[in-house]
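The block underneath contains the structure these notes are about, expressed in structure tokens.
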Amino acid sequence: MLLAVPASKPSQAFVPMTELLTPVPVTPALPIPAPAPGRRPARVARPNRAIRSVHLVGICGSGMKALAELASDLGWQVTGSDLLPSTPALAWMAARGLRVHQGHRQEFLPGHVDALVYSPAVEPDNPERLAAAALGIPQFSYSGMLGLLMRERIGVCVAGTHGKSTTSAMTATILEHAGLAPSAVVGAELCGRGASGWGGTGKLFVVESCEYRHSFLDLSPKYACILSVEPDHFDCFADFDENKVAFASFAGNVHDGGLLLVNGDSPAALEAAAWTTARVETFSQRPGGDWWGTDSRQTAFGTRFRIFHRGAFFTEVLLAVPGEHNVSNALAASALSHAAGAQPADIREGLAEFQGIRRRFERVGSYRGVTIVDDYAHHPTAVRTTLATARQQFGRRRVWCAFQPHQVSRVRALIDEFAVSFGDADQVLVAPVFAAREAGTGGAAAMSELLAERIAAAGTNARFVPSLDQITATLDDEARPGDVLITMGAGDIDRVHHELTGRLRRDHAAG
């Protein structure tokens with residue numbers, strides 16, 4: 001079978017796959033279909049004039065908020081709108097002097113703006129997009145604007161099914177400690193910094209790079225990392241092969257003279273790496289990769305481990321964020337940062353001071369003796385990892401998990417994996433599915449009821465609870481001092497812990 005590869009690799013066009021899938025440091029286990037000629041970074045059109053003002057439609061989304069922060073640091077005038085803006089996001093933007101509107105209306109678009117940027121959830125018939133089209137104002141997708149900004153910088157991109165936000169934040173933190181003053185766009189706020197995006201004076205540009213709707217193909221990094229590749233985003237990938245092809249195309253976008261770092265323990269990531277002409281290095285928590293971490297052990301302050309590079313000792317790291325998954329994230333960030341110019345001391349010091357990011361095993365307070373942790377996990381692998389970290393951190397304490405599934409299509413496709421991923425929890429309360437980006441939510445409750453039944457059948461106490469308010473009431477009645485509550489999901493499940501801690505503040509005020 002003859003296969004076409006992206007046009008920017010003319011010497012490889014129409015070559016049999018068996019000739020193209022050459023071994024990388026760890027040989028791919030299974031071949032994947034060839035990346036079809038598709039969107040390349042060159043497809044992000046340049047505006048006719050320099051951009052000094054932008055209007056962001058969907059400004060309160062995690063990535064768009066980070067872009068707003070970056071644009072503000074660059075000195076651009078920023079306005080925006082959002083259908084359901086969060087109170088914290090609005091407060092931050094007001095403090096920065098950004099004008100943000102609730103809802104979407106034609107008159108919210110400033111007539112003088114240089115460009116409109118829209119989030120993936122905003123369709124072409126949005127009133128503000130229609131107004132921009134009528135006025136001839138250039139429009140860019142969120143990822144398209146990141147690609148445009150990356151043309152003038154040195155891209156450092158972190159992709160993968162799990163760990164993108166944390167690894168991107170770690171990488172940017174290390175590069176700052178190295179004095180390289182990077183710009184960054186991360187999909188979650190860095191604890192201790194109060195921002196998820198910023199503009200630096202250096203040339204490096206660190207970007208969390210998501211595969212949803214192939215958005216990371218708008219980026220052209222010099223340094224890139226693929227942390228893992230697993231089935232996900234069932235609303236835009238018909239099957240796992242399509243997902244893997246997207247990552248192969250992303251690998252093909254890495255500059256020829258750059259570096260692609262891949263997880264040596266992820267077969268699909270290794271397969272994708274076969275499609276790059278950049279240098280490839282692997283990382284693993286087992287010996288054998290170009291980079292590997294070992295001797296991981298808990299201390300009073302976090303996790304300590306050692307890093308080896310090509311068989312030689314590189315440095316020792318002390319992490320304040322818990323979990324073996326963060327050891328892997330830190331290892332990837334170390335290798336990526338070193339390629340971009342950081343030295344071992346920069347890596348050691350940057351990671352030692354890294355405080356984590358919001359909604360990633362974030363301790364958010366307590367309520368009547370119950371320790372509350374908030375986490376973004378919404379994929380079976382992430383659920384299992386988060387609960388294993390909780391068990392490691394809290395021992396035999398009773399762990400409640402208030403879980404809000406994210407997207408009916410994801411739960412339907414991965415229900416067998418979800419059913420067995422809650423084993424480290426003692427009690428699971430399953431909320432109706434948060435049906436983001438899906439038309440209609442009629443099956444949300446039924447799918448969550450089925451999921452709760454499957455979790456219970458796998459041996460974990462689980463029940464369906466019809467609303468977040470009822471979850472809060474259940475915890476208020478049944479949780480006891482010494483318990484641990486993890487609010488988990490990518491939707492608005494954090495309302496539960498906000499309500500509980502809010503009650504405590506109100507009780508104290510009344511007292």
Test of understanding: what is the full-extension gain from residue 73 to residue 445, defined as 0.36 nm times their sequence separation minus their Cα-Cα distance? 129.7 nm
Given 4 °C and 1.567 mPa s, compute D for region 116-270 with the Stokes-Einstein relation, Rh being the Kirkwood radius over Cα pairs; round to the nearest whole µm²/s. 79 µm²/s
What whole-number distance in Å separates the alpha-carbon centres of region 292-309 and region 366-412? 24 Å
For residue 319, the residues 5 or more places away or on another chain with a placed amide H closer than 5 Å to its own amide H are 303, 304, 305
Considering the options 119, 390, 136, tell which one lies farthest towards the positive end of the dipole of the chain, charges being +1 on Lys and Arg and -1 on Asp and Glu at the Cβ, about the Cα centre. 136
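Does region 180-306 come out rounded, prolate or oblate by the C-alpha gyration tensor, with a ≥ b ≥ c the root eigenvalues, rounded set by a/c under 1.5 and, if not, prolate when a/b is larger than b/c and oblate if not?
Details: a/c = 1.45, a/b = 1.14, b/c = 1.27.
Rounded, since a/c falls under 1.5.
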Pull up all non-local amide H partners of residue 407: gap of 5 or more, or a different chain, and H-to-H distance under 5 Å with H placed in the peptide plane. 434, 435, 436
Full-stretch length increase - residue 107, residue 201 - with 0.36 nm per residue and alpha-carbon distance subtracted: 30.4 nm
If the convex hull of the alpha-carbon atoms of region 368-427 is projected onto planes in all directions, what is the mean projected area in square nanometres? 4.2 nm²
Within the chain, how many lysine pairs that are 8 or more places apart, or on different chains, have C-alpha atoms less than 25 Å apart? 10
For the pair residue 133 and residue 467, how long in nm is the line joining their label points, each one 7 Å along Cα→Cβ? 3.9 nm
Once amide H atoms are built 1.01 Å from N in the peptide plane, which residues 5 or more positions from residue 117, or in another chain, come under 5 Å H to H? 55, 56, 57, 140
As a test, work out the antiparallel percent of DSSP beta bridges whose residues both lie in the chain, rounded to the nearest 5. 30 percent
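Where does region 102-192 land on Rg(C-alpha)/(2.2 N^0.38 Å)?
Values: Rg = 16.6 Å, N = 91, 2.2 N^0.38 = 12.2 Å.
Region 102-192 yields a ratio of 1.36.
Using a probe radius of 1.4 Å on heavy atoms only, what accessible surface per residue do you get for the chain? Whole Å² is fine. Don't skip to the answer; put the middle values down first.
Details: 20540 Å² over 511 residues.
I get 40 Å² per residue for this part.
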Based on C-alpha coordinates, I'd like the Rg and Dmax of the chain, in Å. 22.7, 76
For region 336-403, state the semi-axes of the equivalent ellipsoid (square roots of 5 times the eigenvalues of the alpha-carbon gyration tensor), sorted largest first and rounded to whole angstrom. 30, 15, 11
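Find how much the distance from residue 417 to residue 121 grows on full extension, using 0.36 nm per residue of separation minus their present alpha carbon separation; answer in nm with one decimal. Walk me through the numbers before you get to the answer.
Details: separation 296, 0.36 × 296 = 106.56 nm, distance 2.72 nm.
Contour length minus Cα-Cα distance gives 103.8 nm.
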Using alpha carbons only: equivalent-ellipsoid semi-axes of region 251-320, gyration tensor based, whole Å: 28, 12, 11
Toward the positive end of the charge dipole of region 249-360, about the Cα centre and with charges on Cβ (Lys, Arg +1; Asp, Glu -1), which of 326, 308, 277 goes farthest? 326
Please give the charge dipole size of the chain, origin at the Cα centre, charges +1 on K and R Cβ atoms and -1 on D and E Cβ atoms. Round to the nearest 20 debye. 900 debye
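The values are calculated or read from the model by the stated rules, or taken from the named source; none is laboratory data. Source: prediction; values computed, not measured. Note that we place each Cβ from the backbone using ideal geometry, even for glycine, and neighbour counts take in every protein chain shown. With ligands, DNA and RNA removed, areas are computed over all heavy atoms of the protein, side chains included. Shrake-Rupley method; radii C 1.70, N 1.55, O 1.52, S 1.80 Å.
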